[in-house]
Amino acid sequence: VSPGCRGAQGRLAYKLLHDLFANYSSALRPVEDTDRALNVTLQVTLSQIIDMDERNQVLTTYLWVRQTWLDAHLTWDKDEYGGIDSIRIPSSYVWRPDIILYNNADEHFGGSMETNVVLRSDGHIMWDSPAITKSSCKVDVSYFPFDGQRCRLTFGSWTHNGNQIDLRNQLDTGDLTDFVENVEWEMLGMPATRNVITYGCCSEPYPDVTYTLLLRRRASFYVFNLLLPCIMVSFLAPLGFYLPADSGEKVSLGVTVLLALTVFQLLVAESMPPSESVPLIGKYYIATMTMITASTALTIFIMNVHHCGPGARPVPPWARRLILHHMARLCCVYEVGESCKSPQRAPGGRAGVGDAGGPGESPEEGQAGTEARGCPWDHCLCHHDALLSNVGYIAGCFRRHRANQRRTGEWKKVAKVMDRFFMWVFFLMVFLMSVLVLGNAA
């Protein structure tokens, strides 16, 4: 094309623009018959999910909004203007439908960017404009962090009813061709539906186009940073029963685990909306904290049993039969017998009287020994009775001490069996709760 032809095209385009807008007003709906509705076609392209604020229930997205309609007052014969079929002019020059986002949550209520429109010779106008929107979204965090959300973007005319503007969607779904993947949310789909609603303020129908964003949370971040630490800390709670009672660390371990879970619970609560629906991970934290509280209380009770003093009552027969026999065998606690350091009775003998001097020695043998040494019988007999009395007192003290030791040892055995039994019970509870959480998530 020669430079002269290009100059002619420029002059014709300037003349076309002057002729079109000489008697044109962008304030009125551009239809020949005012009783007929103007068809407006809407198509939304989702470019990016910028942010999902669960606490305030606001979704921030970057959209490309395309609107097409027919302006009956902006047509021309392209042969009269050098074959110019389309021109691009500022959107403020032409009439534009007042299509807005109904569920807008932006405090400034910003609209689309002032971009050019493409005007064709037959009067069809196509207006593409990018927009960053903040829309309200009802967030359901019942299955957090394995949840999915359905956020709606509802577009419609604010002042024109269905008898004036007939709004329709170009496709049955939003355009996701240029969608930039989000690190937190996975996009499953964006179906579009057309609705005709009659509001309480007006009797005329108002059509709208609703795009539903089907989102699913990528749970890897929360699993590795919130769920797995909780499960690992939870498995520490039953190990408190395995600690020796004399270590003095059983209760402190349970309290430390409880405080750690409280910190994780606060981290989850800060990001969740203050609603009645408790998230799944929050339920797991509460159940685990309840279990740890119960295990700490049981640990205190078992330690009280372990430290029963000499003045404690003997172990009841039912407890000896149930705990020291059946439960010990069930929990594989085999070391419940006497300690190897405990003194044993001599077979066929009797501990007590003959321990101090000459066990098994008869009075006659003692008398013969004293006579052999030249001691008078009546004088030695007096010393013998005093010696027997002292030996009997010592033997009685020894027997009472042995009985107290035996009673204290039995209570320690009871505490050890109960520790082992509750350790396996709480291990099973932690495992079942973890499986239940993962099962509900699936």
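What to note about this one:
- Sorted largest first by accessible area at a 1.4 angstrom probe radius, with every protein chain in place, the residues Trp158, Trp69 fall in the order Trp158, Trp69.
- Cβ-Cβ FRET estimate between Glu249 and Val278, R0 fixed at 22 Å, reported to 0.05: 0.10
- With every protein chain in place, segment 65-169: carbon and sulfur % of accessible area (1.4 Å): 47
- Residue-level accessible surface for Leu239, protein heavy atoms, 1.4 Å, Å²: 70
- Amide H within-cut-off set for Gln48, under 5 Å, with H built and near neighbours excluded: Tyr62, Val180
- Heavy-atom accessible area for Thr68, with the other protein chains in place and a 1.4 Å probe, reaches approximately 40 Å².
- Where segment 207-284 is the region considered: accessible area per residue in Å², 1.4 Å probe: 49
- Prolate/oblate/rounded call for segment 122-203, Cα gyration tensor, a/c under 1.5 rounded: oblate
- Hz values of 3J(HN,Hα) by residue in segment 68-82 - Karplus curve (6.51, -1.76, 1.60), Gly and Pro given as x: 10, 7, 10, 9, 5, 9, 10, 10, 8, 8, 5, 5, 6, 10, x
- Packing, as the average of other Cβ atoms within 10 Å across residues, places the peptides 123-132, 183-192 in the order 123-132, 183-192, highest first.
- Heavy atoms of His306 accessible to a 1.4 Å probe, total area in Å² rounded to 10: 30
The values are calculated or read from the model by the stated rules, or taken from the named source; none is laboratory data. Here the structure is a predicted model, which is why all the values come from computation and not from measurement. Please note: Cβ atoms are built from the backbone with ideal geometry, for glycine as well, and neighbour counts cover all protein chains shown. The area values use the complete protein model at the heavy-atom level, side chains included, leaving out ligands, DNA and RNA. Shrake-Rupley method; radii C 1.70, N 1.55, O 1.52, S 1.80 Å.
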